[in-house]
Structure formats: structure tokens, C-alpha cells
Amino acid sequence: MEQKATQNNAKSIIEAYVGKKLEAMRDNPDRESRNLVDLALGLSAGRFQKHFLSIAHSMLEDENSPYYALIHDAIKNVGTANILKFGMNIGYNSFTAGAKTIRNLEKERGYNIPWIITFYVDSESFSKDAYSKVIKQGVRLGIYTYVFFCSEIPEKLTEIFDEESECAFILFSDAENIEIGLLEQASEIKNLMLCVRYSDSAIEACERLRISKALYSIWYEYSSESSLMYDELLNTADELHPVLTFFVNAEKNYSGYNDVYNDIYKLRDSRTTASAPMEFTGTCIMVDEIISDDSCLAVFNESGKLISVDDSENECNFRNQTLAEIFEKCYPKVAK
């Protein structure tokens, strides 16, 4: 209880300070962003924070870095409360307090715990109670970031976002689905980042999200057969002013992402335009390896079955098992 109170106090202090810095960035985004990164780098203790902040520091050393344009645009066109809430839920809850919980529990229990969970959902099989329950289990394990891929957006999904206010949620869908379900209220959900699949329809959807000052990104899907011109796609995506541009593997078993991840990683250092490119699967795994050494990826299909392990015959399902039971069975730590 005392440790929890200490964490809450630390978070409140950090949140207040970052909030003031975000407001100051409106007048001088370049200087204040460098100052914020420098201070955070000096105070950071966790492995992931140091890794991420070192990259950010290197990017901002170049006064001509295109990422200054990204910072300018986000500060001007995304609500400060949205940046602060989503950023704190990932930066502090996931990467600091949550990461510490994950490492302690892994050491104590002898199995791996992912920092992020991905759900594929549809309206037909969606149960608010089932997803609320599994997210509460995840929070107790130190997991504060959740991704939803929605073929259509279930009606009560946003209620979960509201209830789990300390978590960060990332929702991937088509522009048409977002327009029906979330476009009008997106800016009001401070712990949500919407990811709009690129299409002709995405242009209008992103314009409306930008006007409402919502936090949003763009995503492209790729497969082992696809041959994508990443530079061209990123230049096109930049016209829609996303915070990030994701490249997502169409294969739900998440095999064959390495080449794309490596290509995107190299592009990140040579970008001449603002949008930050991310290969989704490889980034999730990279963060997990930094947090707790071993890589662990948890992806569940529409029926609740775990689909991100090599054993295709596994019957692990969060609808009738706890996350702790699933991780203990599917992700035991291997002695090195």
C-alpha cells in the first residue's frame, strides 16, 4: 500500500511538471522539447526509458531534424490533455511502474509477462464484461497498454476505455468504421490513440480528427507477398499529419516481420519528412526485450484464443482462463 502511494505521488509530480512543459512548448517547441528530453534522460532509471530517451536526444541534436516539424504539429493540433494523459499512461504506467511490476513478478513466478496485449475483436463475439475482466487482470500483472484491431467497432468498447483510465489504448480500424463509431468523441477519450488505415476515406477522417484535436496515427498492412515502397507511403501519410505511421503484418501469427522491421528501423534515421515510422510487431517485441530481457508477445483472436505462440494447437483462451494461467503455460522462462 505504501509503495502504491509513493508511486502515485511520484506520478502526480511528474504529470504536473510535464503538463507545464507541454504548455510552454506552444511558445518555444524546439527548446522546450530538448529541455524536457535532457531532463528526463538525466532522471531516468529504467532500461527502456534510457534507451528511448537516448534515441530522442540523438534525433533532436540535429536542428534540421524533420521530427521538430512533428513536434510543432502535435503541440499545435493535438489537445494538450490528450498528449499528457496518453503519454503518462504509456511513459509512466507502462514503462516505469508497470515494467517494474512485470520484472518482479517474472522473477517471482518464473514465466514471462508481456508489456502490451493485442486483441482482434468484432461486434458479434464482443463481450464488454470479458474484456473488462481480462484488462483488470493485466493491470494487476503490470500491463497498461492494450491494442484493439476492429473489423467493426463494438458499441460498448469505449466504456472500457473510460473505466480503465490508467491504461493506454490503441485502436486500429478502417476510416469508415471509425467514422461510425468514434469520430465525434475521439478527442474526449484522453487515453486513446486512433489508428486509421490509409485509404481515400482516411483523408476526410483524419481532417476531422485533426480539427477536433484528437490523437491519431495512420497504418498500412503488409504481407510476405507485398512489396511496399516505404518512402512513398510515408510521404503520402505525412500529408494526413499523423503522429506515427504503423506498418502492420497481415499474418496474425506474426511470422516474417523481421525484414520489414529492419527496413523501417533504418528509414527512421534517414527521414526527411515528419511522420515517425513504426513496424508494429517488431517494435512491441523490441520494447519487451528491453523491459524484461526475454521477448513475449500476447495476441488474442476474436474468440479469445491466444494466437501468438508457436504451438498452434494451444487451447489458451482468456474467456475461460486467467492471464496468469495462460502466461505460465505458454511463456515459461528458459534458463540461459
Just one of the numbered conditions (1) part of a helix (DSSP H, G or I); (2) open to solvent by 20 Å² or more (accessible area, probe 1.4 Å); (3) touching a residue at least 24 places away in the same chain (Cβ under 8 Å) is not true of Ala99; which one? (2)
One residue is enough: does segment 127-149 have a residue meeting the conditions farther than 25 Å from Thr281 by Cβ, in contact with a strand residue (DSSP E or B) (Cβ under 9 Å, 6 or more places away or on another chain) and open to solvent by 10 Å² or more (accessible area, probe 1.4 Å)? no
Take Lys156 and tell me if it is surrounded by fewer than 22 Cβ atoms within 10 Å (Cβ to Cβ), touching a Gly at 6+ places or on another chain (Cβ under 7 Å) and over 24 Å from Phe95 (Cβ atoms). no
If I filter segment 290-306 down to residues being modelled with pLDDT of 90 or more and open to solvent by 30 Å² or more (accessible area, probe 1.4 Å), which single residue comes out as nearest to the chain's Cα centre (by Cα)? Asn301
Would you mind stating whether Thr118 is hydroxyl-bearing (Ser, Thr, Tyr), in contact (Cβ under 8 Å) with a residue 24 or more places away in the chain and surrounded by fewer than 23 Cβ atoms within 10 Å (Cβ to Cβ)? no
Considering residues that are open to solvent by less than 90 Å² (accessible area, probe 1.4 Å) and modelled with pLDDT of 95 or more, the number found within segment 320-336 is 6
Out of segment 159-187, which residues are surrounded by 16 or more Cβ atoms within 10 Å (Cβ to Cβ) and either among the polar types (S, T, N, Q) or in contact with a Pro (Cβ under 7 Å, 6 or more places away or on another chain) (or both)? Ser173, Asn177, Ser187
Can you tell which of Ile75, Ile90, Ile55 is in a helix (DSSP H, G or I), β-branched (Val, Ile, Thr) and at pLDDT below 65? Ile55
Quick check, is Ser12 loosely packed, with under 15 Cβ neighbours inside 10 Å, part of a helix (DSSP H, G or I), hydroxyl-bearing (Ser, Thr, Tyr) and modelled with pLDDT of 75 or more? yes
Do you know which residues across segment 131-149 are within 15 Å of Tyr120 (Cβ to Cβ) and not in a helix (DSSP H, G or I)? Tyr146, Val147, Phe148, Phe149
Output the number of the condition that Ile203 fails; it satisfies all remaining conditions of (1) part of a helix (DSSP H, G or I); (2) open to solvent by less than 20 Å² (accessible area, probe 1.4 Å). (2)
So Cys195, is it modelled with pLDDT of 85 or more and assigned to a helix (DSSP H, G or I): no
Which count do you get for residues in segment 75-96 that are among the hydroxyl-bearing types (Ser, Thr, Tyr) and open to solvent by 30 Å² or more (accessible area, probe 1.4 Å)? 1
Out of Met278, Met229, I need the residue that is of a type outside the set (Val, Ile, Thr), open to solvent by 20 Å² or more (accessible area, probe 1.4 Å) and at pLDDT 85 or above. Which one? Met278
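The values are calculated or read from the model by the stated rules, or taken from the named source; none is laboratory data. Just so you know, these numbers come straight off a predicted model, no measurement behind them. Positions of Cβ are backbone-derived with ideal geometry, glycine not excepted, and every protein chain shown enters the neighbour counts. The protein model used for the area step is the full one, side chains on, heavy atoms only, and it has no ligands, DNA or RNA in it. Shrake-Rupley method; radii C 1.70, N 1.55, O 1.52, S 1.80 Å.
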